[in-house]
Amino acid sequence: MQVLLGKHWHHLPVNEVVELLESNVPGGLDIFEVKHRQERFGHNVLTPKKGRHPVVRFLLQFHNPLLYILLVASAITFVIKDWVDAVAIFAVVLVNAIFGFIQESKAEKAIEALARTISTVATVIRTGRTQRISASDLVPGDLVTLQAGDRVPADLRLVESRDLQVSESALTGESLPVQKEANRIVAHDAGLADRKNMAYTSTLVTYGQAMGVVIAIGDTTEIGLISQLISTARELETPLTRKITRFGHILLYAILGLASVAF
């Protein structure tokens, strides 16, 4: 089953998808199979990023050669009782740190927002009964029904559809709702926007009805992969930032040299 979760589900016919996932249409999974799969695959939630403590993130905003120079200059002017210059220099450094801290906090909130997109309620068919459950309890192979106004709770391969339209702007940037067709077979190398027989986590059903089988949950969903990319992204170092860093080091050495001569 773990290997199957990486398949090109959009390229397979419905009956083969159901067979590979050992699901049951139209009855759905039984409660014992659901518990077994929850133990195996976990819950349908995104793994939270282990971020730095806010105090640490704020202090790291001062980790820059140019800021070291300004902090030392502020301290020296304070010692020689040049209060106005000392306060002005430190205020510049502090404002810069505050803006950097705010920008970094916004990035972390973006990851948290992605996690909240799958914290919803799902309509699922289990042991032949339709019930409303938390989306976090979904497992691969579950049968989920969709109707207008629903947020898709997991990545689904559509089994049945009737005039289904889904807004995928949160995932693909497509401004208009996309018409979905359960019986369509899509090329295995088709992009997300061209997979007309799939419905993805966090997208919104704007029209019609459908039923789909869960093919991915949590971190293995498309929105989960995006969340992982954001959380593991390194800070971009551009040629300009490299030049500024190099200039900061040169300036630091020059000031230390001149200070030594002056002393």
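Of all the accessible heavy-atom surface of the chain, with the other protein chains kept in place and a 1.4 Å probe, what percent is carbon and sulfur?
61 percent
Remark on Ala216: its backbone amide H falls under 5 Å from those of Asp155, a criterion applied only to residues 5 or more positions apart or on other chains, H modelled at 1.01 Å from N. Between the beta carbons of Asp194 and Thr47, assuming R0 = 30 Å, the FRET efficiency works out to 0.55 to the nearest 0.05. Lys109 contributes an accessible area of around 130 Å² to the protein surface, as traced by a 1.4 Å probe with all chains present. Amide hydrogen proximity for Val178: with H placed 1.01 Å from N in the peptide plane, the residues at 5 or more positions away or on another chain lying under 5 Å are Val166, Ser167, Glu168.
Given the Cα-Cα distance of Ser260 and Ala148 and 0.36 nm per residue of separation, how much length would full extension add, in nm?
Roughly 33.0 nm would be gained on extension.
Each of Ser161, Ser23, Ser260 has its accessible area taken with a 1.4 Å probe; listed largest first, they run Ser260, Ser161, Ser23. Among Leu138, Leu46, Leu29, whose mean-square fluctuation peaks in a Gaussian network model of the chain (Cα, cutoff 10 Å)? Of Leu138, Leu46, Leu29, the Gaussian network model singles out Leu29 as fluctuating most. Within the chain, the whole DSSP H helices whose Cα atoms reach 18 Å or more along their own axis and whose mean Kyte-Doolittle score is at least 0.0 are 65-79, 83-116, 239-262. Each residue of the range 136-144 is assigned a 3J(HN,Hα), and the resulting list reads 5, 8, 5, 10, x, x, 5, 9, 10 Hz, derived from the Karplus form 6.51 cos²θ - 1.76 cosθ + 1.60 (θ = phi - 60°), x at Gly and Pro.
Annotation for Ser175 and Lys35: the two label points, set 7 Å from Cα along the Cα-Cβ direction, are 5.2 nm apart.
When each of the peptides 202-208, 57-63 is scored by how many other beta carbons lie within 10 Å of its residues on average, the order from highest to lowest is 202-208, 57-63.
Looking at the chain, the DSSP beta bridges with both ends there are about 95 percent antiparallel. Taken over the alpha carbons of the chain as equal point scatterers, the Debye sum produces base-10 log I(q)/I(0) values at 0.11, 0.12 Å⁻¹ of -0.69, -0.75.
The values are calculated or read from the model by the stated rules, or taken from the named source; none is laboratory data. Quantities reported herein were computed from a predicted structural model and do not represent experimental measurements. Note that each Cβ is placed from the backbone with ideal geometry, even for glycine, and that neighbours are counted across all protein chains shown. Each accessible area value is taken on the protein alone, full model and side chains, heavy atoms only, with ligands, DNA and RNA left out. Shrake-Rupley method; radii C 1.70, N 1.55, O 1.52, S 1.80 Å.
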